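The values are calculated or read from the model by the stated rules, or taken from the named source; none is laboratory data. Everything numeric in this text was worked out from a predicted model, so none of it was measured. Cβ placement follows ideal geometry from the backbone for every residue including glycine, while neighbour counts extend to all protein chains displayed. SASA here: full protein model, heavy atoms, side chains in, ligands and nucleic acids out. Shrake-Rupley method; radii C 1.70, N 1.55, O 1.52, S 1.80 Å.
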Amino acid sequence: MKVNTYFAWLAIILGCYYWHYGQPYLARAWAYPHTHDRLIARAAGDQDVSPALIHAIILQESKYQEDAQSGRGALGLMQLMPDTAHWIGEKLDMEDLTDDHLSHPETNIRLGSWYIGYLLKEYHGNEILALAAYNAGHGHVDQWMEDKGWGYDFNDPSAIPFPETRNYVEHVLDYERKYEELYGNHP
């Protein structure tokens, strides 16, 4: 009987230790990777965007696969459409930008961070609208705002009419909160 009590207490102590220390470690190591920290910190800082938001977008878009390519042709970590990436490249005076560059983390993160920063400015800091525009295009978001009477204070992702975009926004916001919880809002 004493041996069973000993093992029961040991199991409780180990369980508490795991719950307190093991879960965050496993989450950091596997579920919420934190690679390309310096690139993300620099690009996010240049655009006054939360590094946690950039990590969340990358996790949702590509699961950190540098050579990711969507069925629609989006490329790299932040899954940029080539036309959008070239437009951003013009804004950043990147004259020699090619589609091949979009698989390079430094280029992809710089362009994607600029774009989400641009969308955040367009939508007056509203992350829901900016993320919806990142996923569905700002033309759709502008139309929804007009048709549904949404203002820049819109705060209900469940009202987004495209299921894919609704899920995208909800996931990125959840991931951003988790990144902030695990790492803070810095590298």
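Identify the residue in the stretch 114-150 that is outside any loop (DSSP other than H, G, I, E, B) and of a type in the set (S, T, N, Q) and, among all such residues, is surrounded by the fewest Cβ atoms within 10 Å (Cβ to Cβ). Give the derivation first.
So in the stretch 114-150, the residues outside any loop (DSSP other than H, G, I, E, B) come out as 114-122, 127-136, 138-148.
In the following step, the residues that additionally are of a type in the set (S, T, N, Q) were identified as 135, 143.
Working: Asn135: 22, Gln143: 13.
For the stretch 114-150, the residue satisfying everything is Gln143.
Name every residue in the stretch 52-96 that is open to solvent by less than 20 Å² (accessible area, probe 1.4 Å) and in a helix (DSSP H, G or I), in order of residue number.
Ala52, Leu53, Ile54, His55, Ala56, Ile57, Ile58, Leu59, Ser62, Ala85, Ile88, Gly89
Looking at the stretch 151-176, which of the residues that are among the β-branched types (Val, Ile, Thr) and part of a helix (DSSP H, G or I) is farthest from Asn126 (Cα to Cα)?
Per the stated criteria, the residue is Thr165.
Scanning for something open to solvent by 30 Å² or more (accessible area, probe 1.4 Å) and either closer than 23 Å to Ala31 by Cα or of a type in the set (A, V, I, L, M) (or both), does the stretch 151-158 turn up at least one residue?
no
Quick check on this structure: which one of Gly112, Gly149 is on the phi > 0 side of the Ramachandran plot and of a type in the set (Gly, Ala, Ser)? Walk me through it before giving the result.
Values: Gly112 fails: on the phi > 0 side of the Ramachandran plot.
Of Gly112, Gly149, the one residue that is on the phi > 0 side of the Ramachandran plot and of a type in the set (Gly, Ala, Ser) is Gly149.
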